[in-house]
Amino acid sequence: MTAPWLREALGQREQATLAKAVVQTDFLRGGPRLEHERGGWKEWTHFVVVTRDVRVIINWSFTEAQPGEGPPGSMVPRATLLVGDPSWDGDVERVPLSDAEWAAGRVPLRLGDHALDWDGTAWRIRMRCALRDVSVDLRVVPVTRPSATSRLPFSAADRVQWLVFPRCVASGTVHSGGRTHRLQGAACYHDHNWGRFAWGGDFAWEWGFAVPDDPDNPWSLVFSRVSDRHLARTRSLGLFLWRGSRYHQLFLESQVTYAPAGETRVARPLCVPRVTRLLRPGGALGIPRTLTVTARGKGDHLVCEATIEDVLSVVIPSETDPRGTQAIHECDARMRVEGRVGGEDVSLTGPAVLEFVRG
């Protein structure tokens with residue numbers, strides 16, 4: 001039997017509200033060519049599916065061309081599809097502009113064999129790696145209203161917009177290495193980011209989300225920390241809590257404490273694109289083994305404890321150092337959340353995905 005909160009979220013009235021939110025907020029901001037005064041434009045749209053048997057990371061990104069990559073103001077599109085069941089496979093593919101279709105102001109896009117559409121009630125995702133036996137065909141329905149965190153401070157001059165749908169339900173098929181997983185109502189996270197910054201700049205971004213093992217549990221959350229690249233100075237810190245489809249509470253800055261501990265070491269993590277594995281051979285990755293995020297304010301308190309279980313790395317060339325790279329470490333984790341917010345007890349145990357952007 002479907003939980004009351006999910007019946008409400010999937011009901012006609014709430015679905016109409018969520019569909020309106022997608023159309024009004026989740027459209028692409030940049031097209032194939034930009035006209036502006038300052039470079040460094042980037043945009044990406046991101047989905048993560050988590051079940052007991054399979055994890056899926058999906059990303060379409062658009063980066064303003066660096067010298068030698070294309071004409072000034074033109075975009076370089078890439079598609080990422082990674083599947084863990086339990087070992088990770090997949091790829092990051094650069095797609096020529098001649099095989100890409102997207103436009104500012106619209107949700108749908110196609111980058112080669114990687115397509116995203118909005119059918120009025122759900123995102124439709126169809127992706128297939130060119131060189132790996134990995135593909136997905138998914139229908140993703142939003143069941144939480146979005147939260148937009150504007151102007152994350154990556155530097156004094158650089159700001160990134162962050163639009164979050166923390167909880168959706170995904171149905172369809174996931175194929176990897178000869179195995180096909182059929183999903184029905186799987187937990188799924190979605191966000192969309194855009195702004196101007198340089199890979200390799202003086203920033204580190206750490207964020208994550210958690211959903212409960214029990215789909216009847218109405219709680220879901222997201223946290224985020226932006227700091228300088230040495231992790232010495234926090235520029236932005238927040239924890240965001242939803243109950244059912246509704247945004248429930250926001251904790252910011254001094255209301256939040258962030259306590260990483262230990263060190264995650266991986267002998268030979270998957271690095272994509274695969275050629276970058278030579279640059280990132282493994283060992284210490286500069287990410288913690290455990291993370292505790294605590295929030296307090298106006299009689300509310302919340303403690304979130306996460307333990308990292310697995311890591312893969314997406315490696316990106318630096319835009320500030322011709323010999324440097326920056327890594328996005330995608331981490332499988334388990335999270336336990338306990339507390340009391342707005343007069344209600346909050347309890348959540350389940351899968352989490354944490355991301356650490358490191359120079």
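Taking residues in the range 135-156 that are under 15 Å from THR25 (Cα atoms), and partners anywhere that are among the acidic types (Asp, Glu) and modelled with pLDDT of 85 or more, the pairs with Cβ atoms closer than 8 Å and at least 6 places apart or on different chains are PRO146/ASP26. Restricting attention to the range 108-124, does a residue exist that is aromatic (Phe, Trp, Tyr) and at pLDDT 95 or above? There is at least one residue in the range 108-124 that is aromatic (Phe, Trp, Tyr) and at pLDDT 95 or above. Screening the candidates ARG110, ARG182 for the property of being within 21 Å of PRO351 (Cα to Cα), part of a strand (DSSP E or B) and free of Cβ contacts under 8 Å to residues at least 24 places away in the same chain yields one hit, ARG182. Of note, ASP321 does not satisfy the criterion of being within 30 Å of VAL95 (Cα to Cα), surrounded by fewer than 20 Cβ atoms within 10 Å (Cβ to Cβ), under 19 Å from the mean Cα position of the chain (by Cα) and not polar (S, T, N, Q). Only a single item in (1) in a strand (DSSP E or B); (2) in contact with a Pro (Cβ under 8 Å, 6 or more places away or on another chain); (3) in the same structural domain as VAL256 (by TED's automatic domain parsing) is not met by LEU239, and it is number (2). For residues in the range 280-336 being part of a strand (DSSP E or B) and among the small types (Gly, Ala, Ser), which is modelled with the lowest pLDDT? Going through the qualifying residues, I end up with GLY283. Residue count for the range 53-88, restricted to those that are at pLDDT below 95 and charged (D, E, K, R): 4. Among the residues of the range 147-174, count how many are at pLDDT 95 or above and either assigned to a loop (DSSP other than H, G, I, E, B) or assigned by TED's automatic domain parsing to the domain that holds SER220 (or both). Qualifying residue count, the range 147-174: 0. Here ASP89, ASP113, ASP85 are screened, and the one residue that is of a type outside the set (S, T, N, Q), outside the structural domain of ARG274 (by TED's automatic domain parsing) and more than 20 Å from LEU312 (Cβ to Cβ) is ASP113.
Per the listing PRO142, PRO77, the residue uniquely in contact with a helix residue (DSSP H, G or I) (Cβ under 9 Å, 6 or more places away or on another chain), buried (at least 19 other Cβ atoms within 10 Å of the Cβ) and more than 30 Å from ASP213 (Cα to Cα) is PRO77. I'd like the residue in the range 152-162 that is out of contact with any Gly (no Cβ under 8 Å at 6 or more places or on another chain) and farther than 19 Å from PHE356 by Cβ and, out of all such residues, is surrounded by the most Cβ atoms within 10 Å (Cβ to Cβ). Across the range 152-162, the extreme among qualifying residues is ALA157. If you go through the range 117-133 and pick out every residue that is surrounded by 20 or more Cβ atoms within 10 Å (Cβ to Cβ) and under 25 Å from GLU69 (Cα atoms), you end up with 2.
The values are calculated or read from the model by the stated rules, or taken from the named source; none is laboratory data. These figures come from a predicted structure and were not determined experimentally. Because the Cβ atoms are built from the backbone with ideal geometry, glycine has one as well, and the counts that use them run over all protein chains shown.
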